[in-house]
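Have a look at the structure below, then the notes.
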Amino acid sequence: MTEKRKHNLGKVGIIFNGGGFTGAFSVGYIKALWEQGIRPSHIQGVSVGALNAAKLLESENIKELEKIWLEIEQAKASSVFSWKEIPQNLIKKSSALFSHKGVLDIIEKFNIHKIINSPIELQIVAHNETKREKEVFSTKEERVIKNPEILKKMILASASIPGVLPMVEIDGHHYSDGIYFSLESMIKTGADTIFLFLNDQYIEKSIRWDQRLFNMKDYLYEEVVSFRIQEAIKEHPDFIIENEDLDKEDKMLPPPLKKIKKIRQQIRSVASSIATGNDINFVPHRIIIMNTRTPISTLHSTAFEAGDIKAAIEQGYDQASVLLNKLRK
């Protein structure tokens with residue numbers, strides 16, 4: 001049995017970000033945290049991250065979460081995204097390429113009562129297409145407590161990639177994938193340490209059309225992620241970004257982390273000026289970023305090849321374990 005190590009993290013929040021099948025990296029991240037005895041008071045999930053977070057709260061057993069992913073790998077990507085649906089949906093001029101069937105098969109197996117009754121709050125990020133704004137649902141909302149079945153719709157909505165999966169109607173509004181996390185909502189919980197799980201990959205050379213398509217999507221997504229982190233930190237200068245890999249030379253970092261490193265340097269400068277000033281109440285808080293390092297070229301949002309899921313989980317676990325051990329020191 002793995003020894004539970006002590007970390008001086010204070011109140012912990014964990015954010016599971018999106019990325020379709022690349023969400024397997026996050027399974028490795030959380031597996032490392034769980035083994036070292038780190039437990040959050042709040043968890044946030046967006047897109048596939050909402051599925052990961054919900055399953056984690058349902059069982060609080062990482063093996064159960066890992067089992068779902070390995071079953072998906074065995075069943076192949078078509079068990080979630082069936083390419084046979086595309087021609088018919090194109091002929092019908094449907095709003096999405098795929099149906100909800102594959103994702104619903106996963107959600108319907110969740111024990112939503114256990115998720116709602118967990119002492120850990122689950123935040124689910126979705127996009128309200130009716131109002132054209134981001135919305136953060138919570139398992140502590142009165143409407144969720146009174147009508148637990150609505151939680152399934154919230155999880156499904158968060159995972160419904162625009163154009164890929166249909167919109168979901170909740171209380172007369174139409175919702176789709178939240179796309180990116182809400183740092184502001186997590187900071188408001190009073191978390192001292194926020195673990196941010198990022199699953200995006202940077203592939204330098206894309207050959208197939210689908211690789212080129214998703215590489216462009218990931219690039220645009222990384223721009224938004226960097227901007228959102230910077231905006232949140234501007235509003236909360238008591239937070240600093242922590243990640244051992246960000247101390248390495250730029251040439252060793254993938255482009256997304258180079259941008260985050262620059263943001264971190266600016267933030268540390270602000271934090272340092274406050275800490276050395278007259279504000280004796282200043283207490284730095286941390287955002288600890290976990291991101292992929294070695295791209296798996298055949299793994300992306302809607303597709304993977306045999307062995308990709310297992311490899312992503314193992315890579316996420318190894319990276320998180322190294323980082324956590326260094327944090328202890």
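Take LYS134, LYS234, LYS55, LYS153 and sort them by solvent-accessible surface of the protein heavy atoms, 1.4 Å probe, largest at the top.
Largest accessible area first, the residues go LYS234, LYS153, LYS134, LYS55.
Please give the solvent-accessible surface of LYS101 in Å², to the nearest 10, using a probe radius of 1.4 Å with every protein chain present.
130
May I ask you to rank LEU9, LEU327 by accessible area, largest first, using a 1.4 Å probe over the protein chains only?
Final ranking, largest accessible area leading: LEU327, LEU9.
Could you give the nm distance between label points at HIS236 and ILE86, where each point is 7 Å from its Cα heading toward the beta carbon?
4.0
Given a cut-off of under 8 Å on Cα pairs at least six residues apart, what relative contact order in percent is computed for segment 34-109?
18
Residue separation times 0.36 nm, minus the C-alpha to C-alpha distance between THR130 and LEU104: what's the value?
Roughly 7.1 nm would be gained on extension.
Calculate, in nm to one decimal, what SER78 and THR294 gain on full extension: separation in residues at 0.36 nm each, minus their alpha carbon distance.
Separation in residues times 0.36 nm, less the Cα-Cα distance, equals 75.3 nm.
Mind giving me the nanometre distance, one decimal, between the label points for VAL322 and VAL224, set 7 Å out from Cα along Cα→Cβ?
Taking the simple label geometry, VAL322 and VAL224 are separated by 3.0 nm.
The values are calculated or read from the model by the stated rules, or taken from the named source; none is laboratory data. All figures in this text were calculated on a predicted structure; none of them were measured in a lab. So basically every Cβ, Gly included, is an ideal-geometry build from the backbone, and we count neighbours across all protein chains shown. Only protein heavy atoms, including side chains, enter the accessible area calculation; ligands, DNA and RNA are left aside. Shrake-Rupley method; radii C 1.70, N 1.55, O 1.52, S 1.80 Å.
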